[in-house]
Every structure is written in structure tokens, then in C-alpha cells.
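Q: Please see the structure below; I have some questions.
The values are calculated or read from the model by the stated rules, or taken from the named source; none is laboratory data. These figures come from a predicted structure and were not determined experimentally. We place every Cβ from the backbone using ideal geometry, glycine too, and count neighbours over all the protein chains shown.
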Amino acid sequence: MLTKAEIKPRPPFKFLNLWVEKEDFLPMVYATWMEEADGDPMLQLTTKLRRIKKKLKDFHLLHSSHITRRVEEARKEWGKCQIDLDANPSNAGLRMQERRLAHQYNQLLNDEESYFRQKSRIQWLSQGDRNTKFFHRSVLHRRSRNTIHRLINDEATTSQVNTTFLLQPPSPRTWR
């Protein structure tokens with residue numbers, strides 16, 4: 001018999017924003033939602049939500065699970081096809097396959113970027129601003145990214161920004 005320490009809790013269900021961009025997402029959700037459910041309205045709602053959750057987990061396995069590994073595999077497959085195409089540039093089938101693999105690779109890259117962007121926001125919410133090392137690194141990174149280093153006027157003349165001026169509060173005489 002397993003002890004409580006040996007039982008792994010299931011990870012919570014998380015909706016991934018990248019699913020919405022897939023062609024078959026809305027039809028799948030619509031078809032699942034339109035399936036009949038018996039009982040009072042609250043039971044119908046929970047039954048439909050449970051069904052959609054199951055379908056979305058299957059959808060995840062098909063489209064977005066192990067996204068980083070899938071990106072790497074797609075890159076390797078595309079690279080092999082490019083090598084084959086270099087050896088035989090007049091082969092129309094290889095050209096079409098190379099275009100298809102390039103499109104697939106770029107789509108997976110976009111999905112991976114979307115996944116990590118969403119994950120970083122979740123991490124930010126969970127870490128918050130609890131005065132942690134994560135928070136301070138985030139603030140420093142954001143400050144460096146948002147700093148104006150130079151200005152360009154209409155004549156395309158560049159001028160350096162005086163950062164010491166920006167960091168000092170204005171004198172009380174200029175507050176009028």
C-alpha cells in the first residue's frame with residue numbers, strides 16, 4: 001500500500017493561451033459544449049466543464065506537450081531536409097517538404113514563445129514582490145530595459161541623455 005508521501009498529487013489544470021490560435025480549438029470546444037448533459041443547470045454546467053477539461057488535456061497532448069523537445073526535433077528535421085535539398089536542388093518534392101517543415105518549425109517556435117511568456121507571468125504572480133531575489137532581478141532588468149540612453153531629433157541628430165539629471169528630483173524652485 002502506498003503512503004501519503006509516495007502519492008504524487010496531480011498537477012492543476014492550466015489553460016494555455018496558445019491553444020486558442022489552433023484551427024481546431026474552437027470547433028472542438030463548441031462540439032464538446034453542445035453535447036447533452038442531464039440534471040439541474042448546475043450539474044449540467046459542471047458536467048460540461050469536466051468534459052471540456054478532458055478534451056483540453058487531450059488537445060494539449062496533441063499540440064503543446066513537451067514543446068521544447070518538439071521544437072528541437074522540428075529544427076533537426078528541417079535541417080536534414082535542407083541538406084537533402086542542397087544535394088538535389090531541382091527536386092520539387094524536397095522544396096515543398098522544406099517549406100512545410102520550415103512552417104512547422106516556425107509555428108512550434110511561436111507556440112514555445114507563447115508558452116514561456118505565459119509561464120513567466122504565472123511565475124511573476126506566484127513570486128510576486130515579496131522582496132525576493134527574483135523580484136529585485138526583475139526590477140533591475142526592467143529598469144535597464146526602460147532606460148532612455150539617447151534621443152534622436154527630427155534631423156536625425158543623436159544626443160546623449162543626462163542620466164544624473166533624470167535620477168535627481170527637481171529643485172523646489174522649478175515646481176511653480
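Q: For the range 97-111, indicate whether the set of residues that are loosely packed, with under 13 Cβ neighbours inside 10 Å, of a type in the set (A, V, I, L, M, F, W, C) and at pLDDT 90 or above is non-empty.
A: no
Q: Looking for something more than 23 Å from THR32 (Cβ to Cβ), without any contact (Cβ under 8 Å) to a residue 40 or more places away in the chain and acidic (Asp, Glu) - is there at least one such residue anywhere in the range 54-70?
A: No, the range 54-70 contains no residue that is more than 23 Å from THR32 (Cβ to Cβ), without any contact (Cβ under 8 Å) to a residue 40 or more places away in the chain and acidic (Asp, Glu).
Q: Taking into account only those residues within the range 139-176 that are assigned to a helix (DSSP H, G or I), of a type in the set (Ser, Thr, Tyr) and at pLDDT below 75, which is surrounded by the most Cβ atoms within 10 Å (Cβ to Cβ)?
A: THR163
Q: Another question, then. So if I check each of LEU85, LEU94, LEU108, LEU45, which one is within 21 Å of the chain's Cα centre (by Cα) and either under 30 Å from SER120 (Cβ atoms) or part of a helix (DSSP H, G or I) (or both)?
A: None of the others qualify; the one that does is LEU108.
Q: Looking only at residues that are in contact with a Phe, Trp or Tyr (Cβ under 7 Å, 6 or more places away or on another chain) and of a type outside the set (Val, Ile, Thr) in the range 43-55, which one is nearest to TRP19 (Cα to Cα)?
A: LYS53
Q: Same structure, new question: For the range 23-42, name all the residues that are farther than 20 Å from PHE13 by Cα and either in contact with a Phe, Trp or Tyr (Cβ under 7 Å, 6 or more places away or on another chain) or of a type in the set (A, V, I, L, M) (or both).
A: Listed by number, the residues that qualify are ALA31, MET34, ALA37, MET42.
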